[in-house]
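Let me begin by presenting the structure, written as structure tokens, before commenting on it.
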Amino acid sequence: MTIELGHFALILAFAIASVSTLGGYLFWRRGERVALFLQQGAVLQFVLVAAAFAALIQAFVVSDFSLALAANNSHSLKPLVFKISGVWGNHEGSMVLWVLILVAFGAMVAAFGKNLPQSLLSLVLATQSLLTAAFSGFTLFTSNPFERVSPAPLEGADLNPVLQDIGLAIHPPLLYTGYVGFSVCFSFAVAALVSGRIDAAWARWVRPWTTLAWLFLTLGIAMGSYWAYYELGWGGWWFWDPVENASFMPWLAGTALLHSAIVMEKRNALKIWTIFLAIITFSLSLLGTFMVRSGILTSVHTFASDPTRGLVILSILAVLIGGAFALFALRAPALRAGGLFAPVSREGALILNNLFLATALGAVLVGTLYPLLLDALAGMTISVGAPFFNLTFSILMAPLLVVLPFGPLLAWKRADIVAVAQRLIAAGALAIFLAALISALGGVSVSMAPIGLLLGFWVAFGALAELIERSRLGRLPLIESARRLAGLPRSAWATALGHFGLGVTVLGIVATTAWESELVTTLNPGEAARLAGYTIAFERFEEVPGPNYSAERGTFRVTGESDATRILSPERRIYAASGMPTTEAAIETYGFSQLYLQLGEPVDGTHVVRAWFKPYVTLIWIGALLMALAGAVSLTDRRLRIGAPARRAAATEPVR
Amino acid sequence: MVFWSIAITITLVACAALYYAAAMRPVNAVGSGEGLDAQFARMLAGIEADVGAGKLAGPQAIAAKAELAREMLRQKSEAGQAPTRAKPLRIGVVAAGVMLIAGLACGLYAILGRPDLPGEPLASRPEIAARNMNLEEAIARIEARLAIAPDDLRGWTVIAPAYMELQRYADAERAFRRIVELAGPDADRETDLAEALMMQAGGDAAGEAMQLLRSAATRDPAHLRSRFYIAGELTRTGDYTAAVEAWQELIGLAEGNEPWLATARQGLAFAEAGGVAPQDDETQQEAIRGMVEGLAARLQSEGGSVEEWTQLVRAYLVLEDRQAAQAAYEDAVAAYPQAFDRGGLDTLALGAGLSLNGDGQ
């Protein structure tokens, strides 16, 4: 009966969301009562969807195959953690997770929003309810996770073996939290457009929500990248796969939004642009979640697609996104633009950031959608691959990385570029020195590598330069500097940490691309191979049973030049229910570098072994973790203040 | 119904919570500019705090405050221009909304839901499973398990007799071999494997099967099953001297009332006669007749197992006494009226052209 109660709970949540949408948009001007109703409604939606989700988990855990979803995606022999994560390893269940996160954000707005003006709160919650109604309705009517089978089969069809990994337990919840978090920014933007007012509270609210969503999206993408790296068995960490692009586009837009929200919060400027970005970001999140499910894009992430479902999804997206942009076109001219500033200023730098990010976003969007459009309109099939993305993306990102360290050092309103450049000389010199040194020592053959290294070091040291500058390190006694450093606002720390993290990621990408070494060979137990100074000895080969698969396991003893030996055990698994094989690579971390070992198919009584040495590859994800940490630090900074304009003697003419 | 009472309770609680939140509390008619003031007060306090902490110099603080004041004036004037708000929402509208929710939820569930279907967690299903599961399904489950863990002795032990039952003798042979490998050879396991090999060869126990049987008999001299097969095989291949010895040894191990004993005695007689059915020997014929009549008398007076009745019918048929066979068959049917109980007997009788239940042919 729990299954049916869960079904009922989801339907009740849909009903509350529908009525909240209707009531919210009709009566938002009519005072506190509406706001109270919507707040209570938001909390109830969360409780009910959580109950529905719990019912699904329960059915998977006890292997109740009278639930079609469990019969199609679970197996009684699966380990508990994969039974639970299997709930969202499919289209229907992942929709429930998506809606659950959506209503969780709605409930958070309701809980923290008590100080918001009532009309604004009502409109925001009505918009959240609209999203909930649309997507829970889509779930219930076209892809109902609570569908039953009678008589129930005795065994389930099992989950795709690639998904039977701890990655599935972590990656989708993080990514969805990121995607859906931007719904709050979207709802605030729509509320501002409907009411025709952007009040101070609006400006103050958007940034923390953006930061929260951005933080989770960063973690989700990084986790997804690491998962693909260790599970797909090819050692690649980014494939420019359409779905990866679909998650990367909201990240680029969200990063732009994060920066423009700073300008709006501190300087009350760029309001309209921020609203525009908020709508774009969430629209891209929706595209990211649903383009895959509509059947127009196919990739590793594709769930079974069905034409009706695709049509419904496209209509929902068209109405929501189209409606928001139409509203923007109608109402944006009526909004007041806000503060003025000179081109060379913190605001100007942030606009530059937005421009570069928006262009990069455009490039990725074109690269992802162009083949589809061409196919649809002209019937030509082309494939836009990694070379296109690598080239355009690095060309667009390089200038951004060059100017990035200047930004945080510039003053608000109007700034002195020469003075800032002087402060960055030390960071620049250090970056050039290290890049040259490493290139000389490493014997670089790839011509772009030194430039990449230079950019990575420049961004990382430039970020630290701001902290050094603000603590007057070297110009004040050490104790005094440390005191100043500790007393810096959290937002300054967050900026430095975030930019430092970006530099670290760039360094990881450059190092692993330029100096990766690869070995493909055939080995028998007892033989050994050498790669990048490591001796890889094949010790033995055995067959090992798992809970719902059988595995062939190779045991390798790896000896580094100055390192103790370590045992690596890559596997090839065959899953019983589906008969599908997977490769489980063995990865061993040496400092920041990794040795990646994969056991291939046996050929003529010998074994194909692939090994990669990936120097500094972990920096890619460490950098992403630092960026996410920066977001968390920024969230703990709760100062509510406007920026203090610096009064200067030489007044330049303010320019819009 | 339990389900609907819980569902309706949930709906009522949710609707009551909504109604209470919106309609039962005293509320301000219209939101005032108070929120705005509080917001600016906080921002002003933030500036003061920065000045206090030495983060803002005096002139900067004054400029910041001036900017804040301008912003506040502008927003206040905008708020003044905003159209005056409508009257607060009436309670009736809230009530209507709440009822709409309840109606929508129950109506939709009635369309989409399956309140009649109970949950069926796997753990609570074994008895249902046993009733519904046919042998093929059970075997498929065990096979899936064995594909992953080929070392699971219990699985092989369960699946091997099932293969025999389904006459998949090659699979049975594979399973029994695996059992011998995993658990080591003993008399029973070797005989099982030999049995599977013999069934594959259509009853021929030559070669490996015979070796296995002999090994089993050596391993356990009192092992009846292997000795039975050995004697049978010796008889079949015409090695009558050895066969007589084998049958005699086997009969010597019997306690006297085993169902196979009659067959063993027949085998012995057959072997002793040098491979000729001993009917030409009058005394032998008489002896058999005496034995058969003894069995018939015992079954008539005391009753017996279906196997014994079958044996009797078969004996009459061998003696070509069809009338007696028909009579014995009818007595057996009277003793075991359920057709289910006498599967082998019916097959034998109908195959020999006897009529069932005297209903004529």
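The values are calculated or read from the model by the stated rules, or taken from the named source; none is laboratory data. Note that the structure is a prediction, hence the values are computed from the model and not measured. FYI the Cβ positions are ideal-geometry reconstructions off the backbone, even for glycines, and counts take in every protein chain you see. These area figures cover heavy atoms from the full protein model, side chains too; ligands, DNA and RNA do not enter into them. Shrake-Rupley method; radii C 1.70, N 1.55, O 1.52, S 1.80 Å.
Miscellaneous remarks
- Taking region A:20-35 as the range and being assigned to a helix (DSSP H, G or I) and surrounded by fewer than 24 Cβ atoms within 10 Å (Cβ to Cβ) as the test, the residues that pass are A:T21, A:L22, A:Y25, A:L26, A:F27, A:E32.
- Taking region A:177-194 as the range and being surrounded by fewer than 24 Cβ atoms within 10 Å (Cβ to Cβ) and either of a type outside the set (A, V, I, L, M, F, W, C) or closer than 11 Å to A:V99 by Cα (or both) as the test, only A:T177 passes.
- Those residues of region A:58-68 which are at the interface with chain B (Cβ under 10 Å from one of its Cβ atoms), in a helix (DSSP H, G or I) and closer than 16 Å to A:H7 by Cβ, in sequence order: A:Q58, A:A59
- Condition check for A:R573: within 14 Å of chain B (Cβ to nearest Cβ) and within 26 Å of A:N160 (Cα to Cα): yes
- Only one of the listed residues (A:T505, A:T522, A:T513) is of a type in the set (S, T, N, Q) and either open to solvent by less than 60 Å² (accessible area, probe 1.4 Å) or in contact with a helix residue (DSSP H, G or I) (Cβ under 7 Å, 6 or more places away or on another chain) (or both). That residue is A:T505.
- Enumeration of residues in region A:113-132 that are within 12 Å of chain B (Cβ to nearest Cβ) and closer than 10 Å to A:Q39 by Cα: A:G113, A:K114, A:L121, A:S122
- Selection count where residues are open to solvent by 40 Å² or more (accessible area, probe 1.4 Å) and small (G, A, S), scope region B:306-342: 4
- Strands (runs of 3 or more DSSP E) contained in region A:548-588 and holding at least 3 residues at positive phi and among the aliphatic types (A, V, I, L, M): none
- Conditions (1) touching a Phe, Trp or Tyr at 6+ places or on another chain (Cβ under 6 Å); (2) within 29 Å of A:G546 (Cα to Cα); number of the one not met by B:D192: (2)
- Across region A:577-591, the number of residues qualifying as touching a Ser or Thr at 6+ places or on another chain (Cβ under 7 Å) and either surrounded by 20 or more Cβ atoms within 10 Å (Cβ to Cβ) or touching a residue at least 40 places away in the same chain (Cβ under 8 Å) (or both) comes to 1.
- Selection within region A:128-147 - open to solvent by 30 Å² or more (accessible area, probe 1.4 Å) and in contact with a Ser or Thr (Cβ under 8 Å, 6 or more places away or on another chain): A:L130, A:T142
- Just so you know, in region A:475-502 the residues that are within 14 Å of chain B (Cβ to nearest Cβ) and among the basic types (K, R) include one that is surrounded by the most Cβ atoms within 10 Å (Cβ to Cβ), and it is A:R490.
- Residues that are within 37 Å of the chain's Cα centre (by Cα), open to solvent by less than 60 Å² (accessible area, probe 1.4 Å) and of a type outside the set (D, E), drawn from region B:231-261: B:W260
- Here A:G462 meets the list (1) in a helix (DSSP H, G or I); (2) at pLDDT 85 or above; (3) open to solvent by less than 50 Å² (accessible area, probe 1.4 Å) almost entirely, failing just condition (2).
- The set of residues from region A:351-403 being among the acidic types (D, E) and at pLDDT 75 or above is empty.
- Whenever a residue of region A:130-152 is more than 29 Å from A:W28 (Cα to Cα) and assigned by TED's automatic domain parsing to the domain that holds A:F290, its partners that are acidic (D, E) and at pLDDT below 90, lying with C-beta atoms within less than 7 angstrom and at least six residues away or across chains, give the pairs A:S143/A:E92; A:N144/A:E92; A:P145/A:E92; A:A152/B:E120.
- When region A:36-57 is limited to residues that are under 18 Å from A:T139 (Cβ atoms) and at the interface with chain B (Cβ under 10 Å from one of its Cβ atoms), the one that is surrounded by the fewest Cβ atoms within 10 Å (Cβ to Cβ) turns out to be A:V47.
- Pairing residues of region A:462-488 that are over 22 Å from A:V633 (Cβ atoms) with residues that are outside any helix (DSSP H, G or I) and open to solvent by 80 Å² or more (accessible area, probe 1.4 Å), at Cβ distances under 8 Å and at least 6 apart in sequence or on separate chains, gives A:E480/A:R472.
- Any hit, region A:81-97, residues being open to solvent by 40 Å² or more (accessible area, probe 1.4 Å), at the interface with chain B (Cβ under 10 Å from one of its Cβ atoms) and in contact with a helix residue (DSSP H, G or I) (Cβ under 9 Å, 6 or more places away or on another chain): no
- Among (1) open to solvent by less than 50 Å² (accessible area, probe 1.4 Å); (2) facing chain A (nearest Cβ under 8 Å); (3) at pLDDT below 85, the one test that B:R145 misses: (1)
- A:A71 in contact with a helix residue (DSSP H, G or I) (Cβ under 7 Å, 6 or more places away or on another chain) and assigned to a helix (DSSP H, G or I): no
- Filter pass, A:S225 being touching a residue at least 60 places away in the same chain (Cβ under 8 Å), in a helix (DSSP H, G or I) and either in contact with a His (Cβ under 8 Å, 6 or more places away or on another chain) or under 29 Å from A:L599 (Cβ atoms) (or both): yes
- The set of residues in region B:97-119 that are small (G, A, S) and either over 27 Å from A:L36 (Cβ atoms) or more than 7 Å from chain A (Cβ to nearest Cβ) (or both) comprises B:A102, B:G103, B:G107, B:A110, B:G113, B:G119.
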